[in-house]
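Only one structure is covered here, and it is reproduced in the block below.
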Amino acid sequence: SDGSGVMSEVKIPEGYKQTEVGVIPEDWKLLTIGDVASFSGGSQPPRSTFIFSPRPSYIRLIQIRDYKTSNFETYIPEHLANKKCKNTDIMIGRYGPPIFQILRGIEGAYNVALIKATPSNDIQREYLYYFLKTEKLFQLMELLSRRSSGQTGVELPALKAYPIPLPPKSEQTAIATALSDVDNLIQSLEKLIAKKEVIKTGT
């Protein structure tokens, strides 16, 4: 506003456009997550088929907790593994706490508490991975889950409808690489802090 109660025109820089998510470059598309990714829930084999150490013709059954600890490794007969993932696949924790964890790094069959997000040809896997980890999206998923008392876990229709600004593929790669570098930096700083804490406690 210019003080007189009249809204002054916001000037959009050349080469940019106004969208529902704000001002973005003209060559970026505004799509929804459902346009660029498909989602597939896991399956739950009978508990009676579980074993707890690797064996030929068995495959690891992945649960949410396995991304934090390998103390509960579980294996099922390979022929019962309906839903499989690779260690590079993007996995979403359907239930909490916290709900909507974005996970990856284990290969095997995944259970009903996990959803696999598969990118379309329009989006780089890493760009989708980092976009799904954004704080705003996490907050929305958590809020919707609280409204349903967590019964439904992640609200897939709301996730699919969520807007995603999509740069050309080369820019997606550059953005994802920068975020990955920041991630690695944060991890090494956390390790350094933990190491210093241990030394301090020792002294």
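Charges only on Cβ, +1 for Lys and Arg, -1 for Asp and Glu: so what's the dipole of region 41-139 about the Cα centre, in debye to the nearest 20?
About 160 debye.
Net length available on complete extension from I175 to L31 is 50.1 nm, with 0.36 nm assigned per residue and the Cα-Cα distance removed. Values of log10 I(q)/I(0) for the chain across q = 0.10, 0.14, 0.18 Å⁻¹ run -0.58, -0.98, -1.28, by the Debye formula with one identical scatterer at each alpha carbon and no solvent. Around the Cα centre of the chain, unit charges on the Cβ atoms of Lys, Arg, Asp and Glu (plus for the first two, minus for the last two) sum to a dipole of about 1060 debye. Under 20 Å of direct C-alpha separation, and excluding same-chain neighbours fewer than eight residues apart, K200 reaches these lysines: K191.
Please report the spacing between the Cα centers of region 141-203 and region 80-131 in Å, no decimals. Cα centres, region 141-203 to region 80-131: 14 Å.
Students often get this wrong, so check it: of K29/K169; K84/K136; K133/K160; K17/K169, which have C-alpha atoms separated by over 23 Å?
Values: K29/K169 11 Å; K84/K136 29 Å; K133/K160 15 Å; K17/K169 19 Å.
Table pairs above 23 Å Cα-Cα are K84/K136.
Label reach from V21 (point 7 Å along Cα→C-beta): in region 133-153, amide nitrogens under 12 Å belong to 133-137. By accessible area, using a 1.4 Å probe on protein heavy atoms only, region 20-124 has 49% of its surface on carbon and sulfur.
If one takes the longest principal axis of the Cα atoms in the chain, at what angle in degrees, from 0 to 90 and to the nearest 10, does the Cα axis of helix 169-202 lie? Taking Cα atoms only, the helix is inclined about 60 degrees. In straight-distance terms, cross-link reach from K86 covers every one of the aspartates and glutamates whose alpha-carbon lies under 15 Å from its own, apart from those fewer than eight places away in the same chain; here that gives D66, E78, E107, E126.
Region 1-109 has equivalent-ellipsoid semi-axes of 48, 15, 11 Å, by the square roots of 5 times the alpha carbon gyration tensor eigenvalues, sorted largest first.
Using only DSSP helix segments of four residues or longer, with each worth -39500 (n - 2.57), what per-residue ellipticity at 222 nm results for the chain after dividing by its residue count and rounding to 500?
The helix-only estimate for the chain comes to -10000 deg cm²/dmol at 222 nm.
Per residue, the accessible area of the chain comes to 61 Å² when a 1.4 Å probe rolls over the protein heavy atoms. Hydrodynamic estimate: the Kirkwood radius of region 120-193 over Cα pairs, inserted into Stokes-Einstein at 20 °C and 1.002 mPa s, corresponds to D of 151 µm²/s. Annotation: lysines with alpha-carbon distance below 19 angstrom to K83 (same-chain offsets under eight excluded): K116.
Computed with every protein chain present, the accessible area of K84 is close to 90 Å² [probe 1.4 Å].
Above 20 Å lies some portion of the pair distances; for region 44-101, what is it as a whole percent of all C-alpha pairs? Walk me through the numbers on the way to the answer.
Values: 459 of 1653 pairs.
So the pairs more than 20 Å apart make up 28 percent of the total in region 44-101.
The values are calculated or read from the model by the stated rules, or taken from the named source; none is laboratory data. These numbers come from a predicted model, not from an experiment. Cβ sites come from the backbone with ideal geometry, for glycine too, and all protein chains shown count toward neighbours. Each accessible area value is taken on the protein alone, full model and side chains, heavy atoms only, with ligands, DNA and RNA left out. Shrake-Rupley method; radii C 1.70, N 1.55, O 1.52, S 1.80 Å.
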